[in-house]
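The block underneath contains the structure these notes are about, expressed in C-alpha cells.
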Amino acid sequence: TGNASDFGDCTSASTYGAGISNDTYGLQCGGYGRISGSNTNKQNIDVVTIATAANATDFGDLLSLTHSAGGCSDATRGIIAGGGPNPNGVDNRSNVIQYVTVATPSNATDFGDLTLARTGSGTSNGTYGTFCGGEGESSRSNVIDRITIQTLGNATDHGDLNFTPGQYGGAWSGTAS
C-alpha cells in the first residue's frame, strides 16, 4: 500500500486512450490530446516497460486517428476496437478492430470489425476479448461483442448489458481457465 509515484511521461499528453499490456510491456493507444499546439485525436501508440520507471517511447501507429476505443490483450497480442474520431459528438464512430503484437514495435494491423460502430470498453480472460457498451452513431449501446484474440475475424454478438450503458465504461478481467 502507499501513494503513487511518478513513473514517467507519455510521448504527448492525452485522454481517452485504449490500454493494452502483456507481462512486460504496457501500451497506450490513440486518445485525444495536444499535438503541435492544438487539441486533436491521436494515432500514436506509446510503450513502457512495466517494471522500469521511464518515459514512454514510440511503438507505432493505429490505422487511423482514434479515441475512446476498447482495449484488451493476451500474453502476445493487443486488440484495439472501435472508437471515434470526434470527441465532442457521436458522429463517425468506428467499427474497426485492429491489433499489434505487444512485444514487437510496429503499426497496427486490421483484425476485423465490431458488430456495431461505437466507443466502448474492452476486457479479456486471456483467450477471448469482449467489448461492451459505449456510444454508437446516434445513441448509447448495450451491445457486448466477443472475439477470439488469436483468431483474426469479425466480432460476434455475445449478448447485451442489462442496464442503460454510459458513454465511457471501465472493465475488469480474469485469467484463462
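Among the residues of the range 5-43 satisfying the criterion of being assigned to a loop (DSSP other than H, G, I, E, B) and among the aromatic types (Phe, Trp, Tyr), which is farthest from the chain's Cα centre (by Cα)? Please lay out each step first, then the result.
Step one: filter the range 5-43 for residues assigned to a loop (DSSP other than H, G, I, E, B), giving 5-14, 16-17, 22-24, 36-37.
Checking the rest, the ones that are also among the aromatic types (Phe, Trp, Tyr) come to 7, 16.
Working: 7: 21, 16: 9 Å.
Checked the range 5-43; the qualifying residue farthest from the chain's Cα centre (by Cα) is 7.
Tally time: how many residues in the range 105-131 are under 14 Å from residue 66 (Cβ atoms), open to solvent by 30 Å² or more (accessible area, probe 1.4 Å) and touching an Asp or Glu at 6+ places or on another chain (Cβ under 7 Å)?
1
Can residue 97 be described as modelled with pLDDT of 95 or more, in a strand (DSSP E or B) and closer than 14 Å to residue 134 by Cβ?
Details: modelled with pLDDT of 95 or more: yes; in a strand (DSSP E or B): yes; closer than 14 Å to residue 134 by Cβ: yes.
Answer is yes for this residue.
Hey, could you check the range 76-94 for residues that are open to solvent by 10 Å² or more (accessible area, probe 1.4 Å) and at pLDDT 95 or above and say which is farthest from residue 159 (Cα to Cα)? Lay out the reasoning, then the answer.
Within the range 76-94, the first condition is being open to solvent by 10 Å² or more (accessible area, probe 1.4 Å), and the residues that meet it are 76-77, 85-94.
Right, trim to at pLDDT 95 or above and you get 76-77.
Working: 76: 27, 77: 24 Å.
Among those that are open to solvent by 10 Å² or more (accessible area, probe 1.4 Å) and at pLDDT 95 or above, it is 76.
Considering only residues that are out of contact with any strand residue (DSSP E or B) (no Cβ under 8 Å at 6 or more places or on another chain) and over 17 Å from residue 156 (Cβ atoms), which ones fall in the range 101-130?
As a first pass, look at the range 101-130 and keep what is out of contact with any strand residue (DSSP E or B) (no Cβ under 8 Å at 6 or more places or on another chain): 104, 117, 125-126.
104, 126 - these are the residues of the range 101-130 that are out of contact with any strand residue (DSSP E or B) (no Cβ under 8 Å at 6 or more places or on another chain) and over 17 Å from residue 156 (Cβ atoms).
Per-residue answers, yes or no, for (1) hydrophobic (A, V, I, L, M, F, W, C); (2) at pLDDT 95 or above; (3) open to solvent by less than 50 Å² (accessible area, probe 1.4 Å):
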| position | (1), (2), (3) |
| --- | --- |
| 160 | no, no, no |
| 167 | no, no, yes |
| 170 | no, no, no |
| 176 | yes, no, no |
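Across the range 48-66, what is the number of residues that are modelled with pLDDT of 95 or more and open to solvent by less than 20 Å² (accessible area, probe 1.4 Å)?
Matching residues across the range 48-66 total 4.
Of all residues in the range 136-147, count the ones that are part of a strand (DSSP E or B) and surrounded by 23 or more Cβ atoms within 10 Å (Cβ to Cβ). Please lay out each step first, then the result.
The first filter runs over the range 136-147 and keeps only residues part of a strand (DSSP E or B), leaving 140, 143-147.
When the remaining residues are screened for being surrounded by 23 or more Cβ atoms within 10 Å (Cβ to Cβ), the result is 145, 147.
Qualifying residue count for the region: 2.
Could you please let me know if residue 43 is surrounded by 14 or more Cβ atoms within 10 Å (Cβ to Cβ), under 17 Å from residue 124 (Cα atoms) and in contact with a strand residue (DSSP E or B) (Cβ under 8 Å, 6 or more places away or on another chain)? Working first, answer last.
On the way: surrounded by 14 or more Cβ atoms within 10 Å (Cβ to Cβ): yes; under 17 Å from residue 124 (Cα atoms): no; in contact with a strand residue (DSSP E or B) (Cβ under 8 Å, 6 or more places away or on another chain): yes.
Answer is no for this residue.
The values are calculated or read from the model by the stated rules, or taken from the named source; none is laboratory data. This one's a predicted model, so the numbers in the text were calculated from it and none came from an experiment. FYI the Cβ positions are ideal-geometry reconstructions off the backbone, even for glycines, and counts take in every protein chain you see. For the accessible areas, the whole protein counts, side chains as well, though only heavy atoms, and no ligand, DNA or RNA atoms are used. Shrake-Rupley method; radii C 1.70, N 1.55, O 1.52, S 1.80 Å.
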